[in-house]
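The values are calculated or read from the model by the stated rules, or taken from the named source; none is laboratory data. The shown structure was predicted, so the numbers you read here are calculated from the model rather than taken from an experiment. For the accessible areas, the whole protein counts, side chains as well, though only heavy atoms, and no ligand, DNA or RNA atoms are used. Shrake-Rupley method; radii C 1.70, N 1.55, O 1.52, S 1.80 Å.
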Amino acid sequence: MWGATVVLVTAIIIAWWEIPHLVHLGYYRELAVFSLLLLLAAAAGVLKVLGVAMPNPGDWVLAVLGPFGEFLQRLFH
């Protein structure tokens, strides 16, 4: 539980540090992207600390590109 708290406090400190600069400069698109990425990273960090099993993106890439690789192997072999 303490690990999740540390992750959330860290995300809040990062947001507190960066958001005023982005707003002051008028970088609203960058603020939206920054907020989305920080939210996703904080959520992934909390889930990881709590021991929740998370899917591996490499498995998704293999599932999508695997048939194409097999096709190329049959084509050139």
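A 1.4 Å probe run over the protein chains yields, for the chain, 86 Å² of accessible area per residue, whole-number rounding. With contributions of -39500 (n - 2.57) from each DSSP H run of at least four residues, the per-residue ellipticity at 222 nm computed over the chain stands at -30000 deg cm²/dmol. Just checking the listed ones, Val23, Val33, Val61: in the Gaussian network model of the chain with Cα springs under 10 Å, the one fluctuating most is Val61. Computed over region 13-77, the percent of Cα pairs more than 15 Å apart is 69. What is the Cα centroid distance between region 54-75 and region 1-52, reported in whole angstrom? About 32 Å separates the Cα centre of region 54-75 from the one of region 1-52.
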